[in-house]
Amino acid sequence: MLRRRAPRALTAVALCSALALAACGSEGDDLADRAGNDGTNYVAGDGTVEEYAPESRGESLAFEAETFDGDQVSEDTFQDEVSVVNFWYANCPPCRKEAPDLQEIHEDYADDGVQFLGVNTRDTQPTAEAFERNFGITYPSIEDRGGSVMLAVTDYVPPSAVPTTLVIDREGRVSARIIGLVDPGTLRALIDTALDEE
């Protein structure tokens with residue numbers, strides 16, 4: 001009897017989660033509207049931007065992970081290309097607010113070879129994928145509920161500050177970070193700086 005009830009309960013929870021995500025778009029999204037941080041279940045960054053001069057950057061990003069699509073991510077992923085890495089989860093208000101901007105910037109810089117990668121810190125795959133469909137996100141994300149990716153970049157990404165966005169140079173080093181909601185113009189400028197480096 002318990003075995004029969006458990007799948008129904010799980011199905012109901014999954015269905016409710018999917019419907020809740022599907023009902024929210026970038027326009028009229030109640031959670032996104034709270035991105036100014038009303039203290040609701042997350043710690044928001046203040047949009048602080050920090051750039052690192054080439055001579056003061058640390059080591060290359062070094063971690064191994066798998067995207068929701070099953071592709072492998074490793075240190076080699078970040079070599080020879082400028083990358084943007086965004087830490088997010090589905091019920092994070094500023095994550096929802098910035099999602100359309102990140103997708104637009106991703107599309108605008110695709111011809112320049114800039115790769116985008118999300119790092120989902122809390123969600124199961126169905127929840128994360130529902131968010132991506134809802135906001136039209138086409139770049140891949142890693143599932144990091146275990147925190148291994150977060151731990152690998154702990155010098156740059158405070159564990160409680162999601163979203164955080166990193167710009168990675170062609171040597172795989174963090175060249176800039178934004179803690180909190182991304183300002184599109186600022187992120188574009190940081191990407192341009194990394195692209196202009198020889």
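The values are calculated or read from the model by the stated rules, or taken from the named source; none is laboratory data. The shown structure was predicted, so the numbers you read here are calculated from the model rather than taken from an experiment. Backbone-built Cβ (ideal geometry, glycine too); neighbour counts: all protein chains shown. Heavy atoms of the whole protein, side chains included, go into the accessibility calculation; ligands, DNA and RNA do not. Shrake-Rupley method; radii C 1.70, N 1.55, O 1.52, S 1.80 Å.
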*asked:* I need every pair where a residue in segment 178-194 that is within 17 Å of V82 (Cβ to Cβ) has its Cβ under 9 Å from the Cβ of a residue that is in a loop (DSSP other than H, G, I, E, B) and open to solvent by 50 Å² or more (accessible area, probe 1.4 Å), sequence separation at least 6 or different chains.
replied: A194/R170
*Do you know which residues across segment 161-177 are surrounded by fewer than 20 Cβ atoms within 10 Å (Cβ to Cβ) and within 14 Å of the chain's Cα centre (by Cα)?*
A161
*Scan segment 83-118 residue by residue and report those that are among the β-branched types (V, I, T) and more than 12 Å from the chain's Cα centre (by Cα).*
I105, V114
*Just wondering, is there one or more residues in segment 51-65 that are modelled with pLDDT under 95, exposed (fewer than 14 other Cβ atoms within 10 Å of the Cβ), polar (S, T, N, Q) and assigned to a helix (DSSP H, G or I)?*
yes
*Spot the failing condition for I137; the list is (1) within 19 Å of A110 (Cβ to Cβ); (2) open to solvent by less than 20 Å² (accessible area, probe 1.4 Å); (3) hydrophobic (A, V, I, L, M, F, W, C), and only one is missed.*
(2)
_Looking at D38, D80, can you tell me which residue is open to solvent by 80 Å² or more (accessible area, probe 1.4 Å) and at pLDDT below 95?_
D38
*Confirm whether V119 is of a type in the set (A, V, I, L, M), modelled with pLDDT of 95 or more and surrounded by fewer than 21 Cβ atoms within 10 Å (Cβ to Cβ).*
no
*Could you check, for segment 87-97, whether at least one of its residues is at pLDDT below 95, part of a helix (DSSP H, G or I) and open to solvent by less than 30 Å² (accessible area, probe 1.4 Å)?*
no
